[in-house]
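The values are calculated or read from the model by the stated rules, or taken from the named source; none is laboratory data. Treat the numbers as computed from the prediction; the structure is a model and nothing was measured. Reconstructed Cβ throughout: ideal geometry from the backbone, glycine too, with neighbour counts over all protein chains shown.
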Amino acid sequence: MKSLDIRFAFSVIDRLTRPVNAARQGAGGLSESLKKTQAAINDLDKQSKPLTACAIACKKPRARLTRRAVLWKG
């Protein structure tokens, strides 16, 4: 009779803790996914800095040329 009580108690404990364990594992997966996403964002940010600098450098001469063309036509 005692072994039946013990099995029942373990069964109840297992049923109660199963959702908690599943949530914990899911949170761990989510955490890992967020870390990978943040690393990818940082990598893209590093890659975009030279392009941004180039775009800024190209805008200045283009603006000067546009002003000169307007003055030339004007």
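May I ask you to verify whether T37 is at pLDDT 85 or above, of a type in the set (S, T, Y) and surrounded by 10 or more Cβ atoms within 10 Å (Cβ to Cβ)? Against the criterion (at pLDDT 85 or above, of a type in the set (S, T, Y) and surrounded by 10 or more Cβ atoms within 10 Å (Cβ to Cβ)), T37 qualifies.
Within the bounds of segment 49-66, is there any residue that is β-branched (V, I, T) and modelled with pLDDT of 90 or more?
No, segment 49-66 contains no residue that is β-branched (V, I, T) and modelled with pLDDT of 90 or more.
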